[in-house]
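Have a look at the structure below before the remarks.
The values are calculated or read from the model by the stated rules, or taken from the named source; none is laboratory data. None of these values were measured; they are calculated from a predicted model. Because the Cβ atoms are built from the backbone with ideal geometry, glycine has one as well, and the counts that use them run over all protein chains shown.
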Amino acid sequence: MSAAPETETAVAAPSRPARRTIIVRHPLVIRITHWVNVLGLSVMLMSGLQIFNAHPALDWGNISTFEHPFLSMTAMMGADGKPVGVTTVFGHSFNTTGVLGLSTSEGRPTARGFPDWATIPSYQDLATGRVWHFFFAWVLVLNGLVYLFYALASRHVWRDLIPSGAQLRHIGRDILDHARFRFPKGEAAKHYNVLQKLAYLGVIFVVLPLIVLAGLCLSPQVGADYPWLVALFGGRQSARTIHFLCATALVLFVLVHVFMVLVSGVWNNLRSMITGRYVIEGEAHER
């Protein structure tokens, strides 16, 4: 009786652990200007809401009629005789009691556009809000000039922010990967992806210039000296609306930015913006 033929059993080779590489992702100038922006934008936003509360409505044109704004936050008496906060957008009204239009201040309901915890100062004071807003506006302008000079001198804009043709052709795949929380590893993680590049370019070269120019139009002195600038925006109320919408776009950008930092590795991202060090997780290689 012949012996059974020998068979070979395939044994999977043990996989090597993913390689870790530490790189300097953000130079010192980028890190400093980033954190100055965090402070400045926070104060600008909160003091801007204080200024908005002096007239919590948005109009279009040169003069506000106070009759048909396309956005307003007001307080009124409800059917039960109690005050309610109402936000109206393009003629559609929503009950926003407790947050917009009517909120609790010093233990009692108070009519104001945004609540006191969202404004600087917390109490209603237009003059102080303007002082905070204008001071930090100059802080941000100077900080932005430092960043822009460095970005141009070091070719940071062309090297790190301008998307390549290949990246633009695969933008659909990048959107899908982000929706599935699949983030780049290895060599691809060393560079900004196409969505980051487009977002940063839009903020730096579209939103920020618009918000600065529209904000300047709200100054009576600027309006008197450069009436063509106010006319370019369609009037002071139009400039105020554009300023508000650009600020809203910045807030949305920051919220998405913070969310992506949290889901893609909060400590790794935070450390890279404090010390510059960023850990690249390589793909696992099989022997």
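Computed quantities for the displayed model
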quantity: Residue list for the range 106-124, restricted to those being among the aromatic types (F, W, Y) and surrounded by 14 or more Cβ atoms within 10 Å (Cβ to Cβ); calculated: F114
quantity: Selected residue [out of contact with any Phe, Trp or Tyr (no Cβ under 6 Å at 6 or more places or on another chain), hydrophobic (A, V, I, L, M, F, W, C) and within 21 Å of P220 (Cβ to Cβ)] from L126, L71, L102, L45; calculated: L126
quantity: Residue within the range 32-39 that is exposed (fewer than 15 other Cβ atoms within 10 Å of the Cβ), in contact with a strand residue (DSSP E or B) (Cβ under 7 Å, 6 or more places away or on another chain) and either assigned to a helix (DSSP H, G or I) or in contact (Cβ under 8 Å) with a residue 12 or more places away in the chain (or both) present; calculated: no
quantity: The one condition in (1) modelled with pLDDT of 90 or more; (2) in contact with a helix residue (DSSP H, G or I) (Cβ under 6 Å, 6 or more places away or on another chain) that V261 fails to fulfil; calculated: (1)
quantity: All positions within the range 112-161 that are among the polar types (S, T, N, Q), touching a residue at least 24 places away in the same chain (Cβ under 8 Å) and either more than 13 Å from V29 (Cα to Cα) or in contact with a Pro (Cβ under 6 Å, 6 or more places away or on another chain) (or both); calculated: T119, Q124, T128
quantity: Residue within the range 75-90 that is surrounded by 13 or more Cβ atoms within 10 Å (Cβ to Cβ), at positive phi and touching a residue at least 24 places away in the same chain (Cβ under 8 Å) present; calculated: no
quantity: F135 being on the phi > 0 side of the Ramachandran plot and either loosely packed, with under 12 Cβ neighbours inside 10 Å or more than 19 Å from the chain's Cα centre (by Cα) (or both); calculated: no
quantity: Test: A4 is at negative phi, modelled with pLDDT under 95, in contact with a strand residue (DSSP E or B) (Cβ under 7 Å, 6 or more places away or on another chain) and not aromatic (F, W, Y); calculated: no
quantity: Selection status of S219, in contact (Cβ under 8 Å) with a residue 12 or more places away in the chain and hydroxyl-bearing (S, T, Y); calculated: no
quantity: Sole residue being surrounded by 12 or more Cβ atoms within 10 Å (Cβ to Cβ), under 26 Å from V212 (Cα atoms), of a type in the set (S, T, Y) and within 27 Å of the chain's Cα centre (by Cα), chosen from S103, S72; calculated: S72
quantity: Of residues in the range 70-96 being part of a loop (DSSP other than H, G, I, E, B) and out of contact with any helix residue (DSSP H, G or I) (no Cβ under 9 Å at 6 or more places or on another chain), the one nearest to R112 (Cα to Cα); calculated: T96
quantity: Condition met for I175 (at pLDDT 85 or above, buried (at least 16 other Cβ atoms within 10 Å of the Cβ), not assigned by TED's automatic domain parsing to the domain that holds S105 and not in a loop (DSSP other than H, G, I, E, B)); calculated: no
quantity: Qualifying residue in the range 175-195 (condition: polar (S, T, N, Q), over 25 Å from C246 (Cα atoms) and touching a residue at least 24 places away in the same chain (Cβ under 8 Å)); calculated: no
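Yes/no per residue for (1) buried (at least 16 other Cβ atoms within 10 Å of the Cβ); (2) basic (K, R):
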site: L152; (1), (2): no, no
site: R180; (1), (2): no, yes
site: Q196; (1), (2): yes, no
site: I211; (1), (2): yes, no
site: D225; (1), (2): no, no
site: G234; (1), (2): no, no
site: S238; (1), (2): yes, no
site: I242; (1), (2): yes, no
